[in-house]
Amino acid sequence: MTDMVIPWVLAGIPFAGSLVCLAFGSDPYRVRMCAVGSSVISLAATAVVANRLPIPPDGLLPLYLLPIAAVVATLGQPVHEHHRLAWTLTLIFLGLGMVVLTGGNTFGPLCLILIMLMIMFLLYRHHTTLWPISWWGIGSFGVGVVGAGLSLVAGPPVSSVASLATYAVLLPLMPLHDGYLTALTRLPGSLPPFIVVLLPVLGLHGLATAMPTMPNEFVAVVSLLALTSSLYGAIKALAQSRVRLLVGYGSVSFFSILWWFVAGAHTATPRAAVLAGAVGLATGGLLVAWQVIRTRYGDDVDPQAVSGLAAVMPKYAVLFSLLGLAAMGIPPFGVFAGFMGLLLTAPPSSTIGLFIALTAWLAASWYIMQMVQQLLFGTRRPDLRYADLRHPEFSSLLIVVLALLALGLAPISLYSSNQDPNKTAATEQSLAWNR
């Protein structure tokens with residue numbers, strides 16, 4: 001009975017926070033503080049009750065990542081009346097995500113479908129001249145909704161293919177990656193830095209329960225598709241001039257490498273969750289860092305036109321440099337720890353595949369080095385008005401850097417403690433909807 005109540009307790013905190021945000025609707029400062037406070041309370045509640053939950057194959061880490069990402073996303077946005085809805089929706093998505101992670105086979109799939117439907121509606125409503133409406137992105141989430149629905153009502157092998165399609169939308173994998181990229185570039189306010197953590201974490205959570213039941217033929221196709229997608233994402237990242245697309249394609253490449261490891265091991269472990277969470281947090285942090293530039297110079301600012309920030313924005317330069325190193329997969333941060341953890345615990349079956357994955361990793365990392373170098377160094381322009389990080393922006397980026405450092409240094413046992421028989425039975429029950 002307690003295990004049935006805990007998911008709604010974890011979801012109820014952000015849901016209640018969203019109602020308070022609506023009550024403060026005319027005051028954007030109060031709305032943001034309410035969103036931040038609700039996210040912090042959600043993180044504290046997760047720390048208190050997590051040990052009472054059945055431990056899924058991907059471990060407990062995703063439960064902690066979502067409220068951390070919500071704090072980062074809401075703190076990183078400037079106080080503006082146009083961001084009130086985004087802060088409120090961030091809490092709603094946080095609550096739904098908590099239900100997906102803890103709600104088992106009863107409410108989890110329904111909340112997952114609701115998340116994708118809400119994103120589809122937002123993508124239809126929110127688009128600009130710079131970022132026009134993307135029917136391919138909306139259609140990708142439509143595929144995810146249909147796949148999640150079929151996996152509930154159909155039997156294998158239809159349910160297996162349908163669930164894989166859903167998880168390829170959430171944890172982006174070519175050719176269903178357009179939904180992720182569209183959400184990253186079109187959603188308003190604080191939603192993109194949160195969504196880039198939410199969607200991959202939920203996708204990996206579902207993949208962890210579905211992959212062991214997949215036929216070997218499907219797994220072989222997924223492995224080949226993952227390697228192709230990793231190279232595709234890396235090449236597309238190198239060809240982008242707009243920062244959000246550049247960051248998005250780079251993260252698609254990293255997530256595709258994760259797909260290759262999961263397919264090779266035929267399962268997703270807590271180490272896979274470390275890599276997924278670290279890539280998601282690093283991507284969200286880069287989006288927040290770019291939001292700092294957009295706040296000062298406009299949404300349509302050309303990244304080539306901004307340079308020399310290291311001398312005049314030292315706090316931004318230090319945190320952005322650390323964030324760039326973490327996103328590139330440099331030790332001791334989480335991306336490196338997740339990648340090496342998977343490499344050492346689940347040796348790849350193909351040397352050629354490992355070479356392709358490493359090549360994609362290096363190529364995807366190159367764009368980060370270029371972006372950091374362009375913004376922080378070079379000629380200082382006297383016609384630009386420079387202003388270093390404000391306190392909320394500084395706190396947001398610092399949280400990301402510290403979280404990535406913790407993911408790289410913390411022992412994996414923190415996320416995957418031994419299960420007792422009762423929790424194991426509950427976990428087995430939660431796999432039923434994928435079979």
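Values quoted throughout were computed directly from the atomic coordinates according to the rules given, and no laboratory measurement underlies them. From a predicted model like this one, the values you see are computed outputs, not experimental measurements. Ideal geometry is used to build each Cβ from the backbone, glycine not excepted, and the neighbour counts take in all protein chains shown.
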Ranked from fewest to most other Cβ atoms within 10 Å of their own Cβ, 299, 58 fall in the order 299, 58
Rounded to whole Hz and in sequence order, give me ³J(HN,Hα) for the stretch 125-130 from the Karplus expression 6.51 cos²θ - 1.76 cosθ + 1.60, θ = phi - 60°, writing x for Gly and Pro.
-> 8, 10, 7, 10, 5, 5
Shape of the stretch 279-327, Cα gyration tensor, a/c cut at 1.5 = oblate
What ³J(HN,Hα) values, in whole Hz, does the Karplus curve 6.51 cos²θ - 1.76 cosθ + 1.60 give for the stretch 211-227 when θ = phi - 60°, with x put for Gly and Pro?
-> 4, x, 9, 6, x, 4, 4, 5, 5, 5, 5, 4, 4, 5, 5, 5, 5
Can you sort 391, 177 by how many other beta carbons sit within 10 Å, fewest first?
-> 391, 177
Please report 365, 241, 38 as a ranked list, fewest other C-beta atoms within 10 angstrom at the top and most at the bottom.
-> 241, 365, 38
Expressed as a whole-number percentage, the relative contact order of the stretch 2-434 with C-alpha contacts under 8 angstrom and at least six residues apart is 19
With θ set to phi - 60°, apply the Karplus curve 6.51 cos²θ - 1.76 cosθ + 1.60 along the stretch 43-56 and write out the HN-Hα couplings as whole Hz, x wherever there is a Gly or Pro.
-> 5, 5, 5, 4, 5, 6, 9, 4, 5, 9, 8, x, 8, x
Going by average Cβ neighbours within 10 Å, how do the peptides 11-24, 260-273, 195-208 rank, with the highest at the top?
-> 195-208, 260-273, 11-24
Ranked highest first by the average count of other Cβ atoms within 10 Å around their residues, in what order do 357-363, 303-309, 141-147 fall?
-> 141-147, 357-363, 303-309
